[in-house]
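Data first, discussion second: the structure below is written as structure tokens.
The values are calculated or read from the model by the stated rules, or taken from the named source; none is laboratory data. Quick caveat, the model's predicted, so the values are computed rather than measured. Please note: Cβ atoms are built from the backbone with ideal geometry, for glycine as well, and neighbour counts cover all protein chains shown.
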Amino acid sequence: MLLLTMAAGLLLSAGAAQAKAPAMVPAAASAAAGTAATATTTVRRPQQVRPLSGGLDRVAVINDNNPELIIQPGILLSTFNGSGTLAGQPFSSPEAHLNVPLQGRFDLFSHHVYAGRPETLDSVLWLGVVAAPVNGKPVRLRVLGGSTALSQSSDPAQPAAPFLPLPPLMSHDGTSVYAGPGSRVAAEMLQNRRGVGIPQEWSLAPGQLTTLLALPIPVKGLDPLLNGRNLQLRLESDGPVQLATLAAFGAERPPEPEVWSRLLRAGLSAKEHVPTPRGQSGGIIYSRVSGVQTGSRWSAKLSDPGSKVLSVRSAPVSWPIASLERGSLGSGQVQTAELRAFYPGTAWAAHGNYGVEYDLTLPLVNDTKAPVALDLALESPRKTDRPEGGLLFNLTPPRAVVFRGTVEVSGLDGPEGRPAGRRWFHLVQRQGERGPSLGRISLAPGQQRQLRVRLIYPADATPPQVLSLLPAPTLGQPAVKQSESVPATRP
């Protein structure tokens, strides 16, 4: 199973509310020994599950998430050329560097947890982000958007986002509701904000190492001694650069530049969770990512096959979000970003697409002779890879939270029947849970409306989820005849 962060387990969100959804039917019985249990604990919603159209862009993302729990100082991820030199000095561990020069648009996603050191109760782990030009020319590195947050903080200068037990659905202004640092950072990045302590730009001198950020992960006063930090940056350089994230133990003051330089010339911080080899059958350990991926944003127009519009007759229909190997929900689609370089013993693809933005439009049309009302939802069905003739949900969702994050929606019903502008919803969902309606879309015969849904897949989430368009009763009118579901198939 995909590994959750330790921080996510500290405080789980409040119980899930029952969501309004179309009638559910028991899941088809399995030939396995657990048939009776499956039939009584799982329900199946007959519907279509379509692959998500569109695809990822080609923007490089430094994905720094292994180790999640940092236990020793060293290099977390480096795109430097380990066979080269910096300031005339060679690197002592060439294998600790991925040798991937970056230029133009690229992103950084970093997510780590620190549990303190046994010899002291007030230690601080410092996360350093350093960079240098590849060649002899200076480089200007601009911040297009950036945010960072701790799980817990007593310092107003260090934004925090505790794992609060929030309700399943909360409407908010875009950034005021969050649970966990991944939830907060994703919401702020969705609005392209630049957070506290993140400069507008840096000037990188050739032959020198520049400290871009030095961010503390303190544990003093915490019980248990456990804290985490999420960091995301959207960057643009006017020349080729090399960048690294580093871990240093210290106290309340950030390490001096020579500490970062020394760490960059040393070796890797220990990795964790060796993955199942790619293509191996049986169970799978995804591991965590430590590499450079291709793809920062997934754009798509969700129309009917061979059409430029999406008919209301298609509902109920769902599209996977962050589908992955062994978790395509029967769509046959793996959305996982590929890695152009990564460290041995870490994930071989960016399972979960953490930090990736999904920007989806739904060009709806009511091509019937009656008014139609539909509901929009983000949901967390049971993970499966084979077609089930629909989606599987738990009758009683387990305690484990699999999604905490904000979804932005434009085009829902607004006042006086006019489409509303942007609205933001924070969701907390458990494994196998149906999602509550984010809003209604009411269309008269022949009427068209375009919906837009945006989200950044947050750290601490467990994929996959789905975006669902579901039938809702229209006052005084019968419901439109819905699409037929595909019969479940078994191997």
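Some notes on this structure:
- All positions within segment 336-348 that are part of a loop (DSSP other than H, G, I, E, B) and among the aromatic types (Phe, Trp, Tyr): TYR343, TRP348
- Close contacts from segment 320-346, counting a first residue that is without any contact (Cβ under 8 Å) to a residue 24 or more places away in the chain and of a type outside the set (A, V, I, L, M) and a second that is surrounded by 17 or more Cβ atoms within 10 Å (Cβ to Cβ) and not in a loop (DSSP other than H, G, I, E, B), with Cβ to Cβ under 6 Å and a gap of 6+ residues or different chains, come to THR336/LEU324; THR336/ALA349; THR336/ALA350.
- Test: residue in segment 267-280 that is more than 29 Å from the chain's Cα centre (by Cα), surrounded by fewer than 20 Cβ atoms within 10 Å (Cβ to Cβ) and part of a loop (DSSP other than H, G, I, E, B): no
- The one condition in (1) surrounded by 14 or more Cβ atoms within 10 Å (Cβ to Cβ); (2) at pLDDT 95 or above; (3) closer than 30 Å to ALA315 by Cα that ASN63 fails to fulfil: (3)
- Just one of the listed residues (LEU443, LEU470) is more than 22 Å from VAL185 (Cβ to Cβ), at pLDDT 95 or above and in contact with a helix residue (DSSP H, G or I) (Cβ under 7 Å, 6 or more places away or on another chain), and it is LEU443.
- Residues in segment 320-335 include none that are under 30 Å from ARG278 (Cβ atoms), outside any loop (DSSP other than H, G, I, E, B) and among the charged types (D, E, K, R).
- ARG45 vs. criteria buried (at least 22 other Cβ atoms within 10 Å of the Cβ) and among the charged types (D, E, K, R): yes
- Subset of segment 139-172 (residues that are farther than 24 Å from LEU125 by Cα and modelled with pLDDT under 95): PRO165
Residue-by-condition table, conditions (1) surrounded by fewer than 17 Cβ atoms within 10 Å (Cβ to Cβ); (2) in contact with a helix residue (DSSP H, G or I) (Cβ under 9 Å, 6 or more places away or on another chain); (3) assigned by TED's automatic domain parsing to the domain that holds GLN333:
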| residue | (1), (2), (3) |
| --- | --- |
| LEU364 | no, yes, yes |
| LYS369 | yes, no, yes |
| VAL372 | no, yes, yes |
| ARG382 | no, no, yes |
| ARG386 | yes, no, yes |
| LEU391 | no, no, yes |
| PRO397 | no, no, yes |
| ALA400 | yes, yes, yes |
| THR406 | no, yes, yes |
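- For THR175, the conditions (1) under 20 Å from VAL453 (Cβ atoms); (2) in the same structural domain as ILE75 (by TED's automatic domain parsing); (3) among the polar types (S, T, N, Q) all hold with the exception of (2).
- Test set (1) part of a loop (DSSP other than H, G, I, E, B); (2) crowded, with 17+ Cβ neighbours inside 10 Å - ASN135 fails condition number: (2)
- Considering residues of segment 349-381 that are among the hydroxyl-bearing types (Ser, Thr, Tyr) and assigned to a strand (DSSP E or B) only, the residue nearest to GLU338 (Cα to Cα): TYR358
- Within segment 439-456, the set of residues being surrounded by fewer than 24 Cβ atoms within 10 Å (Cβ to Cβ) and either under 21 Å from the mean Cα position of the chain (by Cα) or within 28 Å of ASN230 (Cα to Cα) (or both) comprises ARG452, VAL453, ARG454.
- Residue within segment 179-187 that is more than 30 Å from GLY84 (Cα to Cα), within 20 Å of the chain's Cα centre (by Cα), in contact (Cβ under 8 Å) with a residue 60 or more places away in the chain and assigned by TED's automatic domain parsing to the domain that holds THR120 present: no
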